[in-house]
Structures are given as C-alpha cells and as structure tokens.
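Here the structure comes first, spelled out in structure tokens, and everything after it is commentary.
The values are calculated or read from the model by the stated rules, or taken from the named source; none is laboratory data. On a predicted model such as this, the values are computed, not experimentally measured, just so you know. Positions of Cβ are generated from backbone atoms using ideal geometry, with glycine treated the same way; all protein chains shown enter the neighbour counts.
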Amino acid sequence: MPKTEEEMLDDMCWLMEQTVHVRAQCKVLASALYSAKSTTKPWGVIPQRVFIQDLAASLNRRGILPNENVAKFEELGYEYMGI
C-alpha cells in the first residue's frame, strides 16, 4: 500500500536532526514541499527534482540534515512530489 503524503512528510522530518525545534522544522518542511509541489507541477519533473536536491543540500549545509540522510531525504522528496 503506497504511503500517504502525510506519512512521507513524517519520514522526511525524522531524517532531520532531532532538536527542540523539531515541530517547527516539520511544519516549515511541510509548507515548503506543498508550495513547491503546487508551484512546479505545471513545469514538470526537472524543476521538482532540482528543488528537492537544493532543499536537501541547504538543510545539510545548515546542519539540519545529516550527511548520511541526504540521499534518503531526496528519495522520499521525489516520492512526495510524485516523480
């Protein structure tokens, strides 16, 4: 059975560093992904893939997404976007 968007967001959220601000981070992540999915849909797969890759890289550079979780985060992000 395929995962729901909410389940995919939960999986992605748990890949980020668990800090006191986890709930806020998860809400921001959910908002960003929803916005990107809605906005990039008419333009196709490439902009969605680039967004997910850039988001993962940015979270990683800021120490929010550990190196070992970047690939899994991207994989889940692509699944969330439907690509």
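Numbers below:
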quantity	calculated
Members of the stretch 23-39 that are of a type outside the set (A, V, I, L, M), free of Cβ contacts under 8 Å to residues at least 40 places away in the same chain and in contact with a helix residue (DSSP H, G or I) (Cβ under 6 Å, 6 or more places away or on another chain)	CYS26
Of residues in the stretch 64-83 being of a type in the set (A, V, I, L, M, F, W, C) and free of Cβ contacts under 8 Å to residues at least 24 places away in the same chain, the one surrounded by the most Cβ atoms within 10 Å (Cβ to Cβ)	VAL70
Where a residue in the stretch 47-63 is under 18 Å from CYS26 (Cα atoms) and without any contact (Cβ under 8 Å) to a residue 40 or more places away in the chain and its partner, wherever it lies, is buried (at least 16 other Cβ atoms within 10 Å of the Cβ) and polar (S, T, N, Q), with Cβ under 9 Å and at least six apart	PHE51/THR40; ALA56/ASN69; ASN60/ASN69
Residues within the stretch 47-83 that are at pLDDT 90 or above, β-branched (Val, Ile, Thr) and more than 11 Å from the chain's Cα centre (by Cα), tallied	1
Cβ pairs under 6 Å, 6+ apart, first in the stretch 1-16 and aliphatic (A, V, I, L, M), second in a loop (DSSP other than H, G, I, E, B) and modelled with pLDDT of 85 or more	MET16/ILE64; MET16/LEU65
Qualifying positions in the stretch 6-33 - loosely packed, with under 15 Cβ neighbours inside 10 Å and modelled with pLDDT of 80 or more	GLU6, GLU7, ASP10, TRP14, LYS27, VAL28, SER31, ALA32
